[in-house]
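Okay, structure first, notes after.
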Amino acid sequence: MPARASHLYIHFTNMKKIFGFLTLALATTALFSCSDDDNNSNTTADGVQIVTRPSEIAPAGGESAIEVNKPVASVYATNAWLNVTAEGNTVKLSADANSSVESRHSNVVIKASENDSTVVSVSQLGLVFHYEDGNVSMGNNGGKFAKFVKHNEPMEIERMPEWASATVDGDSIRVDVSANATGKARGGYVVFKSSAMKDSILISQADFSQLKGDYYFGGYDLTTGQEGYTDAKLYTKNRMYYVQLTNLKWSFDCLYDDKNMTLTTYNATWVGTMNNQYYIASMLLSDQGTISADDKITGQFTFNVLDDGTIIAVLGGQYDEDSKVAGMAFAACTKQNLSTYQGISAGFSPCLLLRLPPDADVETQAKAKARASKMMKRMGANKNPMYQMPSILKWK
């Protein structure tokens with residue numbers, strides 16, 4: 001491929017007043033010393049005493065108990081999430097899973113009689129289960145990978161593709177993917193869970209020969225803020241890779257990496273003409289809503305093969321030190337020189353390539369587009385109309 005260009009009083013008073021103050025302070029201290037201390041001790045020397053204190057209830061839910069020195073006449077919890085019952089000298093505690101990441105607390109009031117009681121504090125930690133390392137795309141040779149999952153309760157694998165094996169190893173999910181000899185692109189999910197919470201990793205396998213063909217190119221249209229697509233074709237010629245927007249007769253060249261199924265495109269690439277009046281350049285957009293004339297900036301379409309055969313390649317990558325690639329726009333210029341820039345003729349953010357499952361009917365096509373829309377929303381799709389886009393280039 002051709003090389004590209006760079007670029008935060010005391011008034012002293014009588015002793016009677018002082019003595020009176022000290023007497024009040026001592027009396028107050030004596031009063032509070034007879035009440036429960038920080039360790040939930042009994043109210044009087046002969047009152048209800050804690051024999052065995054409860055343990056914290058596990059985030060996933062469970063049981064605990066409090067033993068006291070007298071038969072319990074009544075008991076209640078000050079918060080509804082905690083269930084309490086009394087049986088002799090024992091107070092039984094139980095709670096469902098805490099689906100929040102925040103801890104929760106409740107007091108348990110235990111009475112042996114109307115005037116003989118004690119209070120015990122019970123806590124339950126929040127359930128921690130968090131995965132943020134994304135999906136995995138690899139070539140047909142297969143391979144192994146590990147992904148970190150933050151959790152504080154036991155984790156297990158719920159299901160996996162038949163062509164992959166997955167195990168839990170401490171805080172990691174370890175996956176071994178076999179070679180793809182089917183002759184087709186394939187994808188499947190490793191689903192893992194902890195208590196009532198679950199997440200998944202999509203594994204995709206293909207080479208370029210299984211990815212090339214007809215696609216939709218689009219995303220959220222910057223001119224309308226609505227989802228929209230135009231026909232596209234992904235092909236290779238003379239060891240070069242191209243995305244062609246067939247209806248517009250625009251195309252831009254790319255590099256393809258078979259190991260991680262990524263198609264790299266360059267910023268400020270001339271793609272064609274419009275109305276025999278303008279030259280069109282593809283411009284990568286930053287997540288801060290800016291465009292730049294720097295042709296060293298690159299973006300990557302990473303291909304994901306869903307389990308129904310839908311293929312989605314979302315454009316991403318690092319824009320500069322402070323921002324990421326969020327989409328693609330097409331700049332109109334009067335000459336093949338960005339200094340003649342007139343404005344943006346079209347653009348999408350996020351931007352993606354979408355291929356529907358083979359022989360998809362109308363219902364399947366609608367489902368595939370809905371999944372693409374869901375994926376874009378997870379990316380925090382920018383629906384701002386184009387009038388909020390910069391009217392001039394941000395030169396580096």
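The values are calculated or read from the model by the stated rules, or taken from the named source; none is laboratory data. Computed from a prediction, not measured in an experiment: that's the story for all the values here. Here the Cβ positions follow ideal geometry from the backbone for every residue, glycine too, while neighbour counts run over all protein chains shown. In case anyone asks, the SASA skips ligands and DNA or RNA and just uses the protein heavy atoms, side chains included. Shrake-Rupley method; radii C 1.70, N 1.55, O 1.52, S 1.80 Å.
Just so you know, the Rg over Rh for region 69-117 is 1.05, from Cα atoms, with Rh as the Kirkwood radius. Excluding ligands, DNA and RNA, the accessible surface per residue across region 237-302 is 48 Å² with a 1.4 Å probe.
Based on the Cβ-Cβ distance from I157 to D133, what FRET efficiency comes out when R0 is 22 Å, to the nearest 0.05?
My answer for the efficiency is 0.85.
Straightening the chain between D214 and S165 buys 14.4 nm, computed as 0.36 nm per residue apart minus the Cα-Cα spacing.
With all protein chains in place and ligands, DNA and RNA left out, the 1.4 Å accessible area ranks K369, K237 as K237, K369, largest first. Roughly what % of Cα-Cα distances in region 148-201 sit above 19 Å, to the whole percent? Taking all Cα-Cα pairs of region 148-201, the fraction more than 19 Å apart is 30 percent. With R₀ set to 45 Å, the beta-carbon distance separating R174 from N115 gives a calculated FRET efficiency near 0.15. To the nearest 10, the accessible area of W163 is 40 Å² with a 1.4 Å probe.
Other residues whose C-beta falls under 11 angstrom from the C-beta of D287 contribute a net charge of -1, scoring Lys and Arg +1 and Asp and Glu -1. Sorted into 5 angstrom bins from 0, the C-alpha pair distances of region 144-284 split as 2, 8, 13, 15, 13, 11, 11, 11, 8, 4, 2, 1, 0 percent. Sequence neighbours fewer than 8 away in the same chain don't count; with that in mind, list the aspartates and glutamates whose C-alpha is under 13 Å from K324. The reachable aspartates and glutamates, counting only those whose Cα sits under 13 Å from K324, are D287. Note on surface exposure: V149, V314 rank V314, V149 by accessible area, highest first, 1.4 Å probe. Note on Y241: accessible area is roughly 60 Å² with a 1.4 Å probe, heavy atoms of protein only. For region 69-175, the fraction of 1.4 Å probe accessible surface lying on carbon and sulfur atoms is 45 percent.
Given +1 at the Cβ of Lys and Arg, -1 at the Cβ of Asp and Glu and no other charges, the dipole of region 123-205 around its Cα centre is 280 debye to the nearest 20. By a 1.4 Å probe calculation restricted to protein chains, L248 has an accessible surface near 80 Å², given to the nearest 10.
Nearest 0.05, what FRET efficiency do Q365 and R53 give at R0 = 51 Å with Cβ-Cβ as r? FRET efficiency, Q365 to R53: 0.25. Anything over 22 Å Cα to Cα? Flag those among K296/K374; K198/K369; K237/K259; K249/K335; K147/K212, in the order listed. Where the Cα-Cα span goes over 22 Å, the pairs concerned are K296/K374; K198/K369; K147/K212.
Counting every pair of alpha carbons in region 48-165, the share spaced more than 22 Å apart comes to 50 percent.
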